[in-house]
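Structure first, then comments.
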Amino acid sequence: MSKLVGVPTVGMIGGGQLARMTHQAGIALGVNFRLLAEGQDVSAAQVVRDVQVGDYRDLRTLRTFVAGCDVVTFDHEHVPTEHLHRLEADGVVCRPGPDALVYAQDKGAMRDRLTALGLPCPRYRAVRNQDDLDVVAKALGGWPVVLKTARGGYDGKGVWVIDNAYAGDIGEIFAAGQPLIAEERVDFARELSAVVARSPSGQAIAYPIVESVQRGGVCYEVIAPAPGLPEDRAVEAQRIALRIAGELGVVGILAVELFETRDGRVLVNELAMRPHNTGHWSIDGAVTSQFENHLRAILDLPLGSPRPRAPWTVMVNILGGPYADMHKGFLHCQARDPDLRIHLYGKEVRPGRKVGHVTAYGADLDDVRARARHAAAYLTGEIDE
Ligand code: ADP
């Protein structure tokens, strides 16, 4: 592929919708985009021209892929950090780097580090044996506790709320031999998210704190900014995220999922070091999207304004429902609401799978939320008028 003078090449590992939307931002910036995809037909591979299909767990595949990339970044956090250390030793620029990324991969390491930094987290313990659970629960303030796999969980998979040491399938979870942590079950009023971007030069920006609504462990709706959040709590949440980004040396987007407790505290739940579902609203709702700011950050360019374009923006995920044909509802939704923004990821519809999102914005929260919810429900076939 011919290369224009001065134009950097970004290598993205992982071909999901986050890569697809980052590519979209990269088109506007005129950067070259290379993709290491899991398959020829995955979401981003459908639209990127320079695609290598291969396994991100294989060092030789990674080495072939990174040749010619000025910077390498990620659609997910699963690339083994030992491989990334090897690539860095070869002179490859990985952003975020493995020393930061490990805290998005391993919830135990993340809890240890954030607690050492004095940042507010739920109480937690590493657990090795099922028989230790009673003692652990006591240390966490009693049952129920939340048991989590330290690695590999997503969308609520790898998270179990348990009422006693021998409930349900817990024996099987321990038998699998994976590292586990137990946390106090936080009595939260709602879940918030702080999305920030940080560049290697140390410049950082913070998006408004948003509320994220989960259904069955999957993000359903995001409201920007979080309604009714007191100013000082919002600033505290932004400060926590900026501090984590600085202390851990994150480059690119960092999303910090937070619990807002009923007694008005914010606690860190988990970290993602890539564009995040709770930042999708920014494509249509902010001056600079999280995808563009991720690219600007990893290329060490000045970051763009995270300022919202409207008082309220609501993003609702399109989760696979009864209709396989997502395009079918366009006529109705677009005719009904010309201000609505629909994004589809080119993914085959399967029940509950994230296949797209819709965004609405405006001055009246109830109206904005109703419009976004209606469109998502109509497109999936949940409602038909
Ligand atoms: P995942 O890796 O699947 O995103 P999370 O750690 O974010 O896992 O947990 C998924 C969901 O489980 C959270 O969004 C929250 O609703 C719930 N949850 C997780 N940890 C706790 C906790 N300590 N107390 C209460 N609820 C929790």
Inset, instruction - From Val72, Val51, Val42, grab the single residue that is in contact with a Leu (Cβ under 8 Å, 6 or more places away or on another chain) and crowded, with 22+ Cβ neighbours inside 10 Å. - result: Val72
Inset, instruction - Please indicate, with yes or no, whether at least one residue in region 319-336 is crowded, with 21+ Cβ neighbours inside 10 Å and either free of Cβ contacts under 8 Å to residues at least 12 places away in the same chain or within 20 Å of Ser193 (Cβ to Cβ) (or both). - result: yes
Legend entry - When residues of region 36-61 are limited to those that are out of contact with any strand residue (DSSP E or B) (no Cβ under 8 Å at 6 or more places or on another chain) and of a type in the set (Asp, Glu), the one nearest to Asp90 (Cα to Cα): Asp58
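With respect to Glu88, is the statement that it is modelled with pLDDT under 95, more than 16 Å from the ligand (Cβ to nearest atom) and not in a loop (DSSP other than H, G, I, E, B) true?
So Glu88 does not fit the description; no.
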Legend entry - Residues of region 277-303 satisfying the condition of being more than 14 Å from Thr313 (Cα to Cα), of a type in the set (D, E, K, R) and either over 16 Å from the mean Cα position of the chain (by Cα) or surrounded by fewer than 24 Cβ atoms within 10 Å (Cβ to Cβ) (or both): Arg296, Asp300
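Closer than 22 Å to Pro200 by Cβ and either touching a residue at least 40 places away in the same chain (Cβ under 8 Å) or surrounded by 22 or more Cβ atoms within 10 Å (Cβ to Cβ) (or both): which single residue out of Cys121, Cys94 fits that description? Give the derivation first.
On the way: Cys121 fails: closer than 22 Å to Pro200 by Cβ.
The match here is Cys94.
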Legend entry - Filtered residues of region 340-362 (kept if of a type outside the set (S, T, N, Q) and under 12 Å from Val314 (Cβ atoms)): Leu340, Arg341, His357, Val358, Ala360, Tyr361, Gly362
Inset, instruction - Return the pairs, sorted by first residue and then second, in which the second residue is assigned to a loop (DSSP other than H, G, I, E, B) and more than 9 Å from the ligand (Cβ to nearest atom), the first residue lies in region 169-187 and is farther than 11 Å from Arg123 by Cβ, the beta carbons are less than 6 Å apart, and the residues are 6+ apart or on different chains. - result: Pro179/Ala150; Asp187/Arg262
Inset, instruction - Select, from Tyr207, Tyr166, Tyr220, the only residue that is of a type in the set (Ser, Thr, Tyr) and buried (at least 18 other Cβ atoms within 10 Å of the Cβ). - result: Tyr207
Inset, instruction - Would you check if there is a residue in region 191-198 being more than 29 Å from Thr313 (Cα to Cα) and either within 13 Å of the ligand (Cβ to nearest atom) or touching a residue at least 24 places away in the same chain (Cβ under 8 Å) (or both)? - result: no
Legend entry - Among (1) within 15 Å of the chain's Cα centre (by Cα); (2) crowded, with 20+ Cβ neighbours inside 10 Å - the single one Glu270 does not satisfy: (2)
Legend entry - Which listed residue, of Asp41, Asp55, is of a type outside the set (A, V, I, L, M), touching a Ser or Thr at 6+ places or on another chain (Cβ under 7 Å) and either part of a loop (DSSP other than H, G, I, E, B) or on the phi > 0 side of the Ramachandran plot (or both): Asp55
Inset, instruction - Starting from region 58-80, take each residue that is over 24 Å from Tyr103 (Cβ atoms) and outside any helix (DSSP H, G or I) and list its partners that are of a type in the set (Lys, Arg) and modelled with pLDDT under 95, counting only C-beta distances under 9 angstrom and pairs at least six apart or across chains. - result: Gly68/Lys3
Legend entry - Those strands (runs of 3 or more DSSP E) lying entirely in region 181-228 with at least 3 residues charged (D, E, K, R): 188-198
Inset, instruction - Output the residues belonging to region 171-190 that are of a type in the set (Phe, Trp, Tyr) and within 7 Å of the ligand (Cβ to nearest atom). - result: Phe188
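The values are calculated or read from the model by the stated rules, or taken from the named source; none is laboratory data. What you are looking at is a predicted structure, and each value in this text was computed from that prediction instead of being measured. All Cβ positions, even for glycine, are placed from backbone atoms using ideal geometry, and neighbour counts span all protein chains on display.
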